[in-house]
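Just so it is clear, none of the values below were taken in a lab; they were calculated from the coordinates. Everything quoted here is computed from the prediction, not taken from an experiment. Note that each Cβ is placed from the backbone with ideal geometry, even for glycine, and that neighbours are counted across all protein chains shown.
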């Protein structure tokens, strides 16, 4: 069994739990908007890592479903808000929520997802008891708080700064650390370990692994945005349309001549809706000319090598059961993917 098969094995139970907390009721239209993203059912990578890490350290699946459902539900409402903020075209191969329902109704619907998420966490705390329940709550809260802070930093650049010259790799990795490393990789793993009663020393090891793997994962995601077709589920060149900061565009801008930099600046200062296909094609041509993707690939491989070394270092300290290799392979697959 590989990680995708493991996720598929547990996906329905997590999805059904989410649906029980976000039922279709009056006003029906309101709840159907929030259920839209829930019912599209993403890859469930985050709850999969939570469940798998929890089982690795001895937790029963029954004790992991509620935190896994809260983790996935957080993704649904955060993604809907993210699509509104970026005015994204596609999500999971379908029109983004605000394209279907308008941004006002879509934004309001995310409140129901947010509220239900905390209800799930409350119910887990009652089930797990005050010590373990509060410890998981604090970790979940800290993870989401840092994620929202990272979203602010990114939005500040996209909507206010709009100036690649003011960007830096440090700023890029500040965003990645919160929105990807913590939220997507080691946060879910730590939640699973907490549900299994593991000490802070284990959480620290998972953080080391997840930080390196998360950086590689995000850089690969940026590369896929430039190279994958829309069967990937998102609009090609979406990062360029949205004006996001990536290693790809930073390397390209650094290498460009003065005339090219001026044109790149002019395009990045535009709102998404005002950017033309010719302008996006120009940016893509600059990326190709100056090896932006090659630079990003090299950097991703470096963080991937770090993750492999940490997996080797800490993997031997993990329980020797059926879940160990599955988890280590799952982390490895984060940055060795084409989707």
Quiz item: With a 10 Å Cβ neighbour count serving as the proxy for reagent exposure, in which order, fewest first, do 326, 50 appear?
Solution: 326, 50
Exercise. Show me 63-76, 4-17, 240-253, 29-42 ranked by packing, highest mean number of other Cβ atoms within 10 Å first.
Key: 63-76, 240-253, 29-42, 4-17
Quiz item: If each residue's Cβ is checked for other Cβ atoms within 10 Å, how do 276, 299 rank with the fewest at the top?
Solution: 276, 299
Practice problem: Using a 10 Å cut-off on Cβ atoms, rank the peptides 289-297, 197-205 from the highest mean neighbour count down. | Solution: 289-297, 197-205
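Taking a ≥ b ≥ c as the square roots of the eigenvalues of the Cα gyration tensor of region 132-321, is the shape rounded (a/c under 1.5), prolate (a/b larger than b/c) or oblate?
Prolate is the answer for region 132-321, as a/c is 1.5 or above and a/b outweighs b/c.
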Quiz prompt | Protection proxy ranking, peptides 305-313, 132-140, 182-190, average beta carbon neighbours within 10 Å, highest first | solution = 182-190, 132-140, 305-313
Quiz item: So how do 88, 20, 255 line up by other beta-carbon neighbours within 10 Å, fewest first?
Solution: 20, 255, 88
Self-check item: Equivalent-ellipsoid semi-axes of region 1-128, from the Cα gyration tensor, Å, largest first
Solution: 27, 17, 11
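Need one number: convex hull volume per residue for region 78-161, Cα atoms only, in Å³.
Each residue corresponds to 100 Å³ of Cα convex hull volume.
Can you tell me the convex hull volume per residue for region 25-78, based on C-alpha atoms, in Å³ to the nearest whole number? If you can, show how the numbers build up before the last one.
Working: hull volume 4.1 nm³, N = 54.
Dividing the Cα hull volume of region 25-78 by its residues yields 76 Å³.
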